[in-house]
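Engineer: The structure that follows is given in the form of structure tokens.
Read-outs throughout are calculated quantities, based only on the coordinates presented, and are distinct from any laboratory measurement. A quick note: this is a predicted structure, and the numbers were derived from the prediction, not measured. Here the Cβ is made from the backbone with ideal geometry for all residues, glycine too, and neighbour counts use every protein chain on show.
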Amino acid sequence: MIRWILCASMLSSLIGGCATASPQKHVSYARRERLQQSLFPGDTSALGNDAIEKVLSGRVVLQDHARIGVVSLGTQQYAQRYSARLVSMHRQAAISFVAQLSKAHRVDDVWLIPSLLVPEKPTVPKLREMAARCQADMIFVHTVGHEIYRRSKFLAADEMRGYCQVEGVLLDTRTGIVAMTASSVLDFVAKESREDMDFSETIRRSEIEATSLALEEIAAELVSFLNAAGQ
């Protein structure tokens with residue numbers, strides 16, 4: 001679903017309750033009883049067979065005029081360790097993602113949830129509680145990872161190759177159901193520029209640029225999913 005990005009990217013996207021197509025388009029799904037509350041008691045308690053059956057046989061109707069909170073796990077400290085330029089780039093990537101997600105027809109508001117509200121151990125029950133405190137109908141939770149290839153005979157002395165992986169889930173706050181998942185993996189080449197203080201900053205800059213591209217593509221998929229879910 002997510003298209004190629006930069007240097008023959010490897011990627012995949014799972015949409016619609018961990019399926020490849022929006023289940024709302026199927027007549028049989030639309031006839032199911034609507035879930036009004038979560039049936040998940042928490043990570044420490046196992047779901048019984050009756051609860052599992054009700055979850056699997058029920059349907060989720062995403063909220064119209066939705067408010068969506070965006071949660072980025074594990075990236076705040078990363079951005080703050082480097083120059084003001086990199087912090088600004090990191091912030092701009094997040095702002096651009098929010099702006100693009102705001103284009104969905106059924107969405108009224110999208111905002112970045114401050115890191116101080118994100119639980120130290122972000123389990124689904126704790127993330128739902130956080131979302132409820134923010135009055136967010138849904139939250140999009142994502143992680144960003146990078147890996148650098150230390151050696152390559154095809155690169156110059158001032159270049160280094162790596163890849164960026166962004167994974168995310170769209171969580172319905174009321175039911176605790178994962179409405180959509182997305183994952184994007186792309187390659188990039190870090191090449192030193194005059195603005196970089198050193199090669200370490202070159203690598204970090206390239207990682208942020210790659211992350212921004214991946215988030216841009218994921219935002220486009222989210223918008224398409226949310227628009228289709230309302231049909």
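Engineer: Quick one: which residues, 5 or more positions from VAL110 or on another chain, have an amide H under 5 Å from its amide H? H modelled 1.01 Å from N in the peptide plane, none for Pro or chain starts.
Structural biologist: Residues meeting the amide H criterion: ILE68.
Engineer: Quick one: what do you get for region 120-231 if you divide its Cα Rg by 2.2 N^0.38 Å?
Structural biologist: 1.36
Engineer: So, one more: Report the paramagnetic label zone for GLU159: residues of region 186-221 whose backbone N is under 14 Å from a point 7 Å from Cα along the Cα-to-Cβ axis.
Structural biologist: Taking a point 7 Å out along Cα→Cβ of GLU159, the residues of region 186-221 whose backbone N falls under 14 Å are 188-193.
Engineer: Give the aspartates and glutamates whose C-alpha is closer than 20 Å to that of LYS54, dropping any in the same chain fewer than 8 places away, or say none.
Structural biologist: GLU33, ASP43, ASP172
Engineer: Another question about this same structure. Please report the equivalent ellipsoid semi-axes of region 169-223, computed as sqrt(5 x eigenvalue) of the Cα gyration tensor, largest first, in whole Å.
Structural biologist: Here the semi-axes work out to 33, 11, 8 Å.
Engineer: Within 10 Å of each residue's Cβ, count the other Cβ atoms and sort ARG205, ARG133 from fewest upward.
Structural biologist: ARG133, ARG205
Engineer: Rank the residues PHE97, PHE40 as a footprinting-exposure proxy: fewest other Cβ atoms within 10 Å of their Cβ go first.
Structural biologist: The fewest-first ordering by Cβ neighbours comes to PHE40, PHE97.
Engineer: Another one. Once label points are set 7 Å from the Cα along Cα→Cβ at both ARG91 and ASN49, what is their separation, rounded to one decimal in nm?
Structural biologist: Going by the 7 Å Cα→Cβ label model, 5.6 nm.
Engineer: Report the extension gain between LEU112 and LYS191 in nm, rounded to one decimal, defined as 0.36 nm multiplied by the number of residues separating them, less their alpha carbon distance.
Structural biologist: So the extension gain works out to 25.4 nm.
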